[in-house]
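The next block holds one structure in the form of structure tokens; read it before the comments.
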Amino acid sequence: MEFEVIYKTYWDRIFRLCMGFVNDYDIAQDLAQETFVIVWQKLDTFRNESGIGTWIFRIASNNCLRQIEKEKRFLKSDLPVNLQEEKQQSLEPQIQFLYQCIAELPETERIIISLELEEVKQAEIAKIVGLSEANTRVKIHRIKEKLTQKFKENGPK
């Protein structure tokens, strides 16, 4: 598969996956770009042991997890006080709230629900996160229940 086709096919899905992890438009853009740089560099080493999408989602998930680890080491409270974070306002309030809720989930749950929202098959999700398909189905159900509860309690009207 040509890189250009891969990029056009997966860019939006990878970006939304990254948004689910970091809940920050600019950082998600950067992470998605980094993912495709890696895909470009490693495409000739892809072994077809899984689907190309599974491989790309795994790369993106690893990138996002590394970013989260970096953020844990560098506290935003260390930034100068006069800097203000600008939020992406073009997203609908409900979608912004969804990304916020997903970003608050534990890492594995974030990966699972982000992939589920991208309509990745549950068998592929199980491979990506290293769980059985049955366990993955149960986790997806429980995560959806958690998110539904958060929307009922705190969601935008």
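So between residue 145 and residue 12, what do we pick up on full extension, going 0.36 nm a residue minus the alpha carbon distance? The partial results should precede the final answer.
Numbers: separation 133, 0.36 × 133 = 47.88 nm, distance 2.56 nm.
So the extension gain works out to 45.3 nm.
Per-peptide packing, taken as the mean over residues of other Cβ atoms within 10 Å, places 148-154, 51-57 in the sequence 51-57, 148-154 from highest down.
Cross-link reach is defined here as a Cα-Cα straight distance under 20 Å, omitting same-chain residues fewer than 8 places apart; for residue 127 the aspartates and glutamates meeting it are 49, 107, 109, 116, 118, 119. The mean sequence separation of alpha-carbon pairs under 8 Å and at least six residues apart, normalised by the residue count of the chain, gives a relative contact order of 28 percent.
Convex hull of alpha carbon positions in the stretch 1-75: directionally averaged projected area 5.0 nm².
In this rough spin-label picture, where each label sits 7 Å from Cα along the Cβ direction, the residue 121-residue 43 distance is 2.4 nm. Counting only DSSP H runs of at least 4 residues, each contributing -39500 (n - 2.57), and dividing by the residue count of the chain, the helix-based mean residue ellipticity at 222 nm comes to -23500 deg cm²/dmol.
Rule-based calculations on the coordinates, nothing more; no lab input. Here the structure is a predicted model, which is why all the values come from computation and not from measurement. We place every Cβ from the backbone using ideal geometry, glycine too, and count neighbours over all the protein chains shown.
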